[in-house]
Amino acid sequence: MTGVEVLHGQASGAAATTRRLQTRDRRRRFLVYAGLAPFILIAVFPVYWMAITAFKTDSDLVNPAVFPFWFHQSPTVQHFTYLFQHTYYGNWLYNTMVIAVWVSVVTLAAAVPAGYALARLGLPGAENMGIGIFLGYLIPPILLFIPLSRVVSLSHLIETKWALVLVYPTFTIPYCTWLLSGFFKTVPAEIEEAAQVDGCGRLSALIRVVLPVSLAGILTAVIFAFTLSMQDFLYSLVYVAVSDQKPVPLGVATDLIRGDVYFWGSLMAGALLAGVPVAILYSFFLDQFISGITGAAIK
Amino acid sequence: MANAELVAGVQVTRRGAILRQRLSFGYSLLAPAVIFMAVLVGAPFFFSLYLSLSDASVGSPVARYVGLQNFQAVFQDSVFRLALRNSVVFTVIAGIFKALLGTLMAFLLVQEFRGKKLVRSLVVLPWTLPITITVLAWRWMLDSQFSAVNWVGTHLHLIHGWPNWLGEPGLAVASVIAVNVWRGFPFAAIVLVAGMSAVPLEILDSAKVDGANFFLRFHHIIVPIIAPILFVGLLFDTVFTLSDLSIVYLLTSGGPEGFTEILPTRALEVGIQAGALGRGAAISLVLFPILLPVVYLLLRMLRRREAL
């Protein structure tokens, strides 16, 4: 065997290895896609079915003779216009926004200073206090809704959306305090010290220096104040029975049913319209949510 | 020398003053959150203990102390006993399925492939959509007349006839559990992915290359790495599942004939709809001893995080 032949043999061997690796890689990728396909199907199908339902005419919707997962009459927006013209849907959207804004304000007002204090000031007992506040997130609404109904009626907010502005922070404050305290830990101490050397007090160092660099964390907290509020059903069901005061999820679930008749077209239209933006927003911030609640407990 | 002592003394008192100032600053920053939580979570919790020992009702503002009568009455109620059993059974069965499906999906999601971000945001839809909204979609998919599930099932010859999912006891129980699994398994998967991404993919894969058989891999990878992460995820999920009202309330309202009743729906019916605040508080407090060990374990894990 000459040297050239040996070299040649090595090269072709290497090529064969590469090819084998490529085939294996392609097969692996195919298996991953094939494995994920059923998961994607069961996750997306209900949403697809909602969308089809929302845009179908009523007669198309209840026609048993045809393939139900496509249109047999031209799509319609009648269910959406019905929502805005004949129900309180517009009010529900507005209420949801108002609740989201005020819950965020209340949550930030409590969680930003608390998260900062827990993260940065080395308070004795800070760890226990942090865990104590987080405990509030783990005491579920189902244990609190009956006693809180007394609190809500005493505060004369019962039957209005303001009742929800009062109670939603019971789960957003602990969650956001926890999240923000993790966030403040990552802000370098030097910039704060520099500000204090420059004559800022502790409070103004917090407001002028720490908050501006923590905007991402604060935005995340706002997103969660909103998405967590949208996940509630129990509190709104118990405290708000007046139609024009309801948030979207409650309104859709309780007002679009007359007696035993479900108006599926408009129900799905209303559900979709509010649900999809929340889902998109939430999925962008999902990683922060997970690391927020599990934190380094899993690392 | 006297001078030096004096200076040192001044420094000590100044340092003391700075420390005191920092502490009072810290505690005043904590105060709003602590006061809010004490007033709207702490106090109501103890108030609910008091309510459960009284005959308080929506109509009468004056409550009488009745000792453990509410709890006795509650445990004699057969609907409550079924609700208690269902709460536990649903949570356990759904938890097993969520763990299995979540682990399977997590192993797929940690792989590198094109379109990963899109795929991920699609498969987590059940978790990211507001729960009320997805349960309504399922109610429509399991409708007695126009069930999309039945349409697919019969055309693929997977099911015979036209089952009334929400109208028959066994099927209704299965439906409630299935919707809970559907909603919760992406959460288990994402928690696992977050935890596994701290472990190099090579380690997960290397065992395969080394020809480690399933049991070896189970021993060296699944048990030490996957299990603790999954455990944290499942603990959170258990709190969510035990305390969730919306799936049962919107799918079956506890029916047919109370077969899918769980503690939250029973507490709502008795405490608010029937107006027996005391008895309702007693029912939801029965959840407390079940939740307590779960919450204790979670807090222990979180404390470990704080120590880092």
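Throughout, read-outs are computed from the coordinates displayed, never taken from laboratory work. Since the structure is predicted, the reported quantities are computational estimates derived from the model, not experimental observations. Quick reminder, even Gly has a Cβ in these numbers, built from the backbone with ideal geometry, and neighbours come from all protein chains shown.
Given an 8 Å cut-off on Cα distances and at least 6 residues of separation, report the relative contact order of chain B as a percent. Each step should come with its number before you reach the end.
On the way: 307 pairs, mean separation 85.0, N = 308.
Normalised by residue count, the contact order of chain B is 28 percent.
Rounded, prolate or oblate for region B:56-97? Axes are the square roots of the Cα gyration tensor eigenvalues, ordered a ≥ b ≥ c, and the cut-off for rounded is a/c under 1.5. Mind dumping the intermediate values first?
Working: a/c = 3.77, a/b = 2.58, b/c = 1.46.
Cα axes put region B:56-97 in the prolate bin.
Quick one: compute the contact order of region B:35-78, relative version, from alpha carbon pairs under 8 angstrom and 6+ residues apart, as a percent.
Numbers: 24 pairs, mean separation 12.1, N = 44.
RCO, region B:35-78: 28 percent.
Compute the length gained on full extension between A:Ala34 and A:Ser74: take 0.36 nm times their separation in residues and subtract their Cα-Cα distance, giving the result in nm to one decimal. It would help to have the intermediate numbers written out before the result.
Values: separation 40, 0.36 × 40 = 14.40 nm, distance 3.39 nm.
Between A:Ala34 and A:Ser74, full extension yields an extra 11.0 nm.
Dimensions of region A:87-298 along the principal axes, based on C-alpha atoms and rounded to the nearest Å, stand at 67, 36, 35, largest first.
Over chain A, what is the mean sequence separation of C-alpha contacts under 8 Å (at least six apart), divided by residue count, expressed as relative contact order in percent? Can you show the working numbers first?
Details: 274 pairs, mean separation 80.0, N = 299.
Relative contact order here is 27 percent.
When the alpha carbon coordinates of region A:87-131 are projected onto the principal axes, the ranges are 54, 15, 9 Å, largest first.
Protection proxy ranking, highest mean first, for peptides B:38-48, A:45-55, B:119-129: B:119-129, A:45-55, B:38-48, where packing is the per-residue count of other beta-carbon atoms within 10 Å, averaged. Of the DSSP H helices in chain A, those with a Cα length along their own long axis of 20 Å or more and a mean Kyte-Doolittle hydropathy reaching -1.0 comprise A:3-55, A:89-120, A:169-185, A:215-230, A:264-284. Helix content alone sets the calculated 222 nm mean residue ellipticity of the protein assembly as shown: runs of n ≥ 4 DSSP H residues at -39500 (n - 2.57) each, divided across all residues, give -23500 deg cm²/dmol. Between the C-alpha center of region B:84-119 and that of region B:37-83 there is a gap of 36 Å.
Answer rounded, prolate or oblate for region A:179-233, using the Cα gyration tensor with square roots of eigenvalues a ≥ b ≥ c: rounded when a/c is under 1.5, else prolate when a/b is larger than b/c, else oblate. Don't jump to the answer; show the numbers that get you there.
Details: a/c = 4.01, a/b = 2.92, b/c = 1.37.
Prolate shape, in that a/c is at least 1.5 and a/b is the bigger ratio.
The count of lysine pairs in the protein assembly as shown with alpha-carbon distances below 23 Å, taking only pairs 8 or more places apart or on different chains, stands at 8. Taken residue by residue and averaged, Cβ atoms of other chains lying within 10 Å of the Cβ of A:127-135 number 5.
Name the shape class, rounded, prolate or oblate, that the alpha-carbon gyration tensor gives for the protein assembly as shown, where a ≥ b ≥ c are the square roots of its eigenvalues, rounded holds for a/c under 1.5, and otherwise prolate holds if a/b is larger than b/c and oblate otherwise. Present the calculation step by step, with values, prior to reporting the outcome.
Details: a/c = 1.73, a/b = 1.04, b/c = 1.66.
Here the protein assembly as shown falls in the oblate category.
Just how far, in whole angstrom, is region A:135-150 from region A:46-68 if you go by their alpha carbon centroids? Cα centroid to Cα centroid, the span is 39 Å.
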